[in-house]
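One structure below.
The values are calculated or read from the model by the stated rules, or taken from the named source; none is laboratory data. Treat the numbers as computed from the prediction; the structure is a model and nothing was measured. Virtual Cβ from ideal backbone geometry, glycine too; neighbours counted across all protein chains shown. For accessibility, only protein heavy atoms count, side chains too; no ligands or nucleic acids. Shrake-Rupley method; radii C 1.70, N 1.55, O 1.52, S 1.80 Å.
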Amino acid sequence: MDNLNLISNFAEFKELKNIDKATMIGVLEDVFRHALQKQFETDENFDVIINPEKGDLEIWRNRTVVEDGAVENPNMQISVSEVKAIDPTYEVGDEYVDPFRLESFGRRAVLSLRQNLASRILDLEKANLYEKYSQKVGEIITGEVYQVWKKEVLILDDENNELLLPKTEQIPNDYYRKGDTIKAIVKSVEMNNNQPRIILSRTAGQFLERLFEQEVPEIFDGLITIKKIVRIPGERAKVAVESYDERIDPVGACVGMKGSRIYSIVKELRNENIDVVNYTTNPQLMIQRSLNPAKISNIVIDEEKMTASVYLKPDQVSLAIGKGGLNIRLSKMLTGYDIDVYREIEEEDVALTEFADEIDSWVIDALKACGCDTAKSVLELPVEEIAARADLELEQAEKIVRILKAEFEEE
């Protein structure tokens, strides 16, 4: 039958991504039946037949043959003389079936039908896209950068679906140009004004976890478990791992021979430093491992307050704190303890707190915050550096040095 270009793109419809044939047929039939109901108030006497393979659509109307002059509803009935002119074998009471041509809908109805069909298919695509990516939350996907904006990057997947990587979910050192290939994790999927909004992330801890699963077969197979991941994206991360097989070294397996496994992960994360530590339920040992590479002399833990006082030799303090305080911040996040770092006081050294009557408490706190908690640890530094570290005036720093030196001169 003549389809009037109504579904001239039928071949495209049946190949639409994420739409199976059964669903497509159901939508088409529903749209045409809706048009029939609108025109004839009922679609009960119509058969809508769709062949998705060939792109054919047929509509057949069933009417009852009645006596001449007895036709009350032309849509449901047809006179016997009209039928006999077509086929003399029909009698009153027979069921007459004839094709219903699409042009019978009228031009405006056909236009409305086309719009309804396009709208339904678009809604179906959106719903299927939402469902598809809702099941992919937490998984890594690879896409191509299509557009780079100030606050987000538009990415296309292998089916040309649009995905978004907001600036807040990008690693600080990330830089993209159109056509670049990108890896990210599906963070969330939401419907915004009936439009699926798929958010990706490269800063989530789960992204790092999935990268480990890709690079370390023992993790993928379940022989090694990632217990916890903490990150400061683009800077540093700590990963606690555990093996249920005593023959497997979880840290060694994750790092790989000569760092081969960890290297590809570091490269993907724009040279983010990754520390892999062996997980333990012993809090002292876990804190000690988390503060690597610093060597700890003693740890005092308060289980109730979840605090830990860590004592180290002077040359180990800066290692424990790390550049910009990253190491100790991540250690706190990994262990769950509020960790305070202290220098081991040598016999001839004196704690800064002993000078509370001569030095303001806020100055002492500022010095301790930058790793100087004893008199000698302060005196080891140039006056200018003391002032810079503790945010003091040069005169204030010089005064502090005089007070501390006097302590040893008295001895």
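Summary table
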read-out	value
I49 open to solvent by 70 Å² or more (accessible area, probe 1.4 Å) and of a type outside the set (D, E, K, R)	yes
Residue in the range 383-411 that is surrounded by the fewest Cβ atoms within 10 Å (Cβ to Cβ), counting only those that are within 48 Å of the chain's Cα centre (by Cα) and within 26 Å of V310 (Cα to Cα)	D391
Selection from the range 253-280 of residues that are open to solvent by 30 Å² or more (accessible area, probe 1.4 Å) and more than 23 Å from I321 (Cα to Cα)	V255, M257, K258, S260, R261, Y263, S264, K267, E268
Residue in the range 149-169 that is under 27 Å from V241 (Cβ atoms) and either surrounded by 14 or more Cβ atoms within 10 Å (Cβ to Cβ) or more than 16 Å from the chain's Cα centre (by Cα) (or both) present	yes
Count of residues meeting criterion [closer than 28 Å to E29 by Cα, over 60 Å from the mean Cα position of the chain (by Cα) and in a loop (DSSP other than H, G, I, E, B)] in the range 46-84	1
Unmet requirement for E235, which otherwise passes all of (1) of a type in the set (D, E, K, R); (2) buried (at least 19 other Cβ atoms within 10 Å of the Cβ); (3) modelled with pLDDT of 95 or more	(3)
Test: residue in the range 210-224 that is surrounded by 21 or more Cβ atoms within 10 Å (Cβ to Cβ) and out of contact with any strand residue (DSSP E or B) (no Cβ under 9 Å at 6 or more places or on another chain)	no
Qualifying residue in the range 230-251 (condition: in a strand (DSSP E or B) and within 22 Å of K136 (Cβ to Cβ))	yes
Verdict on A294 being open to solvent by less than 30 Å² (accessible area, probe 1.4 Å), in contact with a helix residue (DSSP H, G or I) (Cβ under 7 Å, 6 or more places away or on another chain), assigned to a loop (DSSP other than H, G, I, E, B) and not hydroxyl-bearing (S, T, Y)	yes
Flag for V310 being surrounded by 15 or more Cβ atoms within 10 Å (Cβ to Cβ), outside any helix (DSSP H, G or I), in contact with a strand residue (DSSP E or B) (Cβ under 7 Å, 6 or more places away or on another chain) and of a type in the set (A, V, I, L, M)	yes
The range 23-41, residues that are buried (at least 16 other Cβ atoms within 10 Å of the Cβ) and not in a helix (DSSP H, G or I)	none
Pairs, first at positive phi in the range 169-187, second surrounded by 12 or more Cβ atoms within 10 Å (Cβ to Cβ) and among the aliphatic types (A, V, I, L, M), C-beta under 8 Å, six or more apart	G179/V145
Which listed residue is farther than 26 Å from D249 by Cα and in contact (Cβ under 8 Å) with a residue 24 or more places away in the chain, from V277, V300, V310	V310
Every pair of residues 6+ apart whose Cβ atoms lie under 7 Å, when the first sits in the range 25-50 and is free of Cβ contacts under 8 Å to residues at least 40 places away in the same chain while the second is in a loop (DSSP other than H, G, I, E, B) and open to solvent by 50 Å² or more (accessible area, probe 1.4 Å)	N45/M76
Which listed residue is surrounded by fewer than 12 Cβ atoms within 10 Å (Cβ to Cβ) and either more than 51 Å from the chain's Cα centre (by Cα) or on the phi > 0 side of the Ramachandran plot (or both), from D94, D87	D87
